[in-house]
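Step one of this worksheet: look at the structure below.
The values are calculated or read from the model by the stated rules, or taken from the named source; none is laboratory data. No experiment lies behind these values; they were computed from the predicted model shown. Every residue, glycine as well, gets a Cβ built from its backbone with ideal geometry; the counts of neighbours run over all protein chains shown. The area values use the complete protein model at the heavy-atom level, side chains included, leaving out ligands, DNA and RNA. Shrake-Rupley method; radii C 1.70, N 1.55, O 1.52, S 1.80 Å.
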Amino acid sequence: LLILVGTLFLSNSIYSVLAPFFPRISEEHGLSSTQNGIIFSGFPLLALISAPLFGILILKIGRNNVLFYSTLLIGVSTLGFASLPYFYDETLFILAFVSRSIQGIGGAGILCSSFAVIAYAY
């Protein structure tokens, strides 16, 4: 249960941990505040779209598998996001939006599957 709580904490902290520093870095690399808003909206938008699909996927492949692959997905996309300071302008915008969107999909999978794991255990 502690590992599950830690996974939930870390996956949800990815949602907001970028807010203090990413806008400044992205503006130094040529992005506007509108583009920053679009990048930040990728996470909740794709989480909203993909969350109902994870309900179906949990029934097909199992809650533990969804939790594992969602954690892997959010981890890989976060590593991809960490490489973004090497890019500029439109390339940075596209890669940042795609990475945040993939993080949103992984975050939704972690949230849905962890609820299923907790409900099954208790």
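Share of the chain's accessible area from carbon and sulfur, percent, 1.4 Å? The partial results should precede the final answer.
Working: 5340 of 7160 Å².
The C+S portion of the solvent-accessible surface of the chain is 75 percent.
The distance linking the stretch 72-122 with the stretch 2-29 is 10 Å (Cα centroid to Cα centroid, whole angstrom).
Over all directions, the average projected area of the alpha-carbon convex hull for the stretch 1-57 comes to how many nm²? Kindly include the intermediate steps, with their values, before the conclusion.
On the way: hull surface 20.8 nm².
That works out to 5.2 nm², a quarter of the Cα hull's surface.
If I take R0 = 25 Å and measure r between the Cβ atoms of V5 and Y69 in this structure, what FRET efficiency does the formula 1/(1 + (r/R0)^6) give, to the nearest 0.05? Let's see the in-between values first.
Working: r = 19 Å, r/R0 = 0.78.
Approximately 0.80, to the nearest 0.05.
Sum -39500 (n - 2.57) across every DSSP H segment of at least 4 residues in the chain, then divide by the residue count to get the 222 nm mean residue ellipticity, nearest 500. Value at 222 nm, helices only, nearest 500: -29500 deg cm²/dmol.
Entry comment: accessible area of the chain is 59 Å² per residue, from protein heavy atoms only and a probe of 1.4 Å. Calculated FRET efficiency, I49 and L79, Cβ-Cβ r, R0 25 Å, to nearest 0.05? Using R0 = 25 Å, I get an efficiency of 0.60. A simple spin-label model places pseudo-atoms 7 Å from Cα toward Cβ; at F87 and Y122 they are separated by 4.0 nm.
About the Cα centre of the chain, what is the dipole size in debye to 20, counting +1 per Lys and Arg Cβ and -1 per Asp and Glu Cβ, all else neutral? Walk me through the numbers before you get to the answer.
Details: 4 positive and 4 negative charges, 98 e Å.
The dipole of the chain has a size of about 480 debye.
Angle check, please: helix 63-82 long axis (alpha carbons) against the longest principal axis of the chain (alpha carbons), in degrees 0 to 90, nearest 10. The angle comes out at about 10 degrees. Kindly express, to the nearest 10 degrees and within the range 0 to 90, the angle between helix 33-61's C-alpha long axis and the longest C-alpha principal axis of the chain. Helix 33-61 sits at roughly 20 degrees to that axis.
In the P(r) worked out for the stretch 33-122, what percent of Cα pairs fall beyond 19 Å? I get 42 percent for the Cα pairs in the stretch 33-122 exceeding 19 Å. Taking every C-alpha pair closer than 8 Å and separated by at least 6 residues, the mean separation divided by the residue count of the chain gives a relative contact order of 39 percent.
Helix 2-16 and the long axis of the chain differ in direction by around 30°, with both axes built from C-alpha atoms. Ranking R24, R100, R63 from most to least accessible surface, computed with a 1.4 Å probe over the protein chains only, gives R24, R63, R100.
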